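The values are calculated or read from the model by the stated rules, or taken from the named source; none is laboratory data. Nothing here was measured: the structure is a model prediction, and the numbers come from that model. Don't worry about glycine lacking a Cβ; one is built from the backbone with ideal geometry, like all the others, and counts go over all protein chains shown.
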Amino acid sequence: MNAIQVAKRYFQAWNQRDAEAIVATFAEGGTYTDPSAGQGLTGEAIGGYAKGLWAAFPDLSFEIISAAETDGGVVSSQWLMRGTNTGSLLGLPPTGRTVALPGADFIQVEGEKIRSVQGYFDSRSVPEQLGLQVLVQPHAIGPFSFGTSTSVRTGKKNKPGAFGITVLEARSEEEIQQIKELSRQTATEMLEMPGFIGWVGMTIGPRMMTVTAWETPEHPQQLRGGSHGQAMRKFFGPELAAGGTTSVWVPRRFNAMWVRCTACGSMADVERLAGKCQCGQSLPEHIAYW
């Protein structure tokens, strides 16, 4: 079996979605590297990486555009990966979108086994094709830390009567993803709960926080079951977080909700004027307290 045939066997295992067969194409200690996997996966970690991709893209496939052997048993292969995002990716719900990612692998072959695979592709391409934001920012500068956030809103115009605040400190990247998934499930369940107005989740380094707006201080009691209850059981067991706290806050004062009139350009107190500007124009309705 020549180097080209070894490379074809490797890609065939990917297209058959056979993790064991992928691992079997590698020599003992053989490594896999690409912009998403990081440096030097070996053995079962290679198969685990493939399974993660198949979970997000169950129909994932590689079309080989070209393959050629160079000096020293290195196969350079240009490929096009396709797949439909019908499973969770990085803790996010599936988008249902299809991606087409061009890339290239340099496969070092020794005998009939692979010593290393070095993959290259644009790591921004997949999230952009899925409609996801790609942010480039520092982890921290001086006293400032940076992160990401997500919001869920019902569209209610009510003034919140209470805010639930949860803060957790994660111990690893895997735990951050686990907390994100539980938070997503909880936010989805809250959309069906009486008194729920909106939710914001924030991740800054290992610290994760949620702020939930409710109509009354009694409404957060509904969170004792479901995904939130599951998360609390994990928290008080050995499974989740280095520490954290939950609390319910009652607003002391709400100032006026000011909305700019699209006709005259002035700011108007939407509640006092019952949704009408002093010029007589109806004020925009999409702005809410939360």
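Checking each residue of region 213-227 against the condition of being touching a Pro at 6+ places or on another chain (Cβ under 6 Å), surrounded by 12 or more Cβ atoms within 10 Å (Cβ to Cβ) and either more than 30 Å from GLU174 (Cα to Cα) or assigned by TED's automatic domain parsing to the domain that holds LYS159 (or both) gives at least one match. The set of residues in region 26-48 that are buried (at least 18 other Cβ atoms within 10 Å of the Cβ) and of a type outside the set (A, V, I, L, M, F, W, C) comprises GLY30, THR31, TYR32, GLY47.
Inside region 77-108, residues that are assigned to a strand (DSSP E or B) and either at pLDDT below 95 or assigned by TED's automatic domain parsing to the domain that holds GLU174 (or both) make up a count of 2. Here is a check on your reading of the model: is ALA231 among the aliphatic types (A, V, I, L, M), crowded, with 16+ Cβ neighbours inside 10 Å, in the same structural domain as VAL200 (by TED's automatic domain parsing) and part of a loop (DSSP other than H, G, I, E, B)? When the stated conditions are applied, ALA231 does not pass them. Could you grab me the full set of residues in region 51-67 that are more than 26 Å from LEU89 (Cα to Cα) and surrounded by 12 or more Cβ atoms within 10 Å (Cβ to Cβ)? Listed by number, the residues that qualify are ILE65, ALA67.
Restricting THR95, THR70 to residues that are under 24 Å from GLU173 (Cβ atoms) and of a type in the set (Val, Ile, Thr) narrows the list to THR95. Among the residues of region 118-137, those identified as without any contact (Cβ under 8 Å) to a residue 12 or more places away in the chain and outside any loop (DSSP other than H, G, I, E, B) are PRO127, GLU128.
Of the residues in region 245-284, how many are loosely packed, with under 12 Cβ neighbours inside 10 Å and among the charged types (D, E, K, R)? So the count comes out to 3.
Each row is one residue, and each column tells you yes or no for (1) in contact with a strand residue (DSSP E or B) (Cβ under 6 Å, 6 or more places away or on another chain); (2) among the aromatic types (Phe, Trp, Tyr); (3) within 22 Å of ILE179 (Cβ to Cβ).
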{"position": "ASN85", "(1), (2), (3)": "no, no, yes"}
{"position": "LEU89", "(1), (2), (3)": "no, no, yes"}
{"position": "ALA100", "(1), (2), (3)": "yes, no, no"}
{"position": "ILE114", "(1), (2), (3)": "yes, no, no"}
{"position": "GLN118", "(1), (2), (3)": "yes, no, no"}
{"position": "ARG124", "(1), (2), (3)": "no, no, no"}
{"position": "GLU128", "(1), (2), (3)": "no, no, no"}
{"position": "LEU132", "(1), (2), (3)": "no, no, yes"}
{"position": "LYS159", "(1), (2), (3)": "no, no, no"}
